[in-house]
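Each value in this text was obtained by applying a stated rule to the coordinates, not by laboratory testing. Just so it is clear, the model here is predicted, and its values are computed rather than measured.
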Amino acid sequence: MDAEDFYYPGGRTPAYTVIEINMIQGRAPETQKALIKELFSKIESVVGISSVDTGRLSTFPAWRPSTGRP
């Protein structure tokens, strides 16, 4: 995709990155929040992408093979 074809929310730079996380059902909200905080921190300190450009992290329950649904 060409840069001019990519949608950037207001205030973001070309470093804007979208991350999707799939978690197994049952993870406590505190665990999810801790993971997201750590990801934002590491992405900024190791990769150099500001948390503003990390965008919003989404958490979805992972598909469970035993039931065929989330």
* Asked: Given the Cα-Cα distance of Ala34 and Glu20 and 0.36 nm per residue of separation, how much length would full extension add, in nm?
  -> 3.5 nm
* Structure fact -> Amide H proximity to Ile21 below 5 Å, modelled H, separation 5+ or other chain, gives Ser58, Phe60
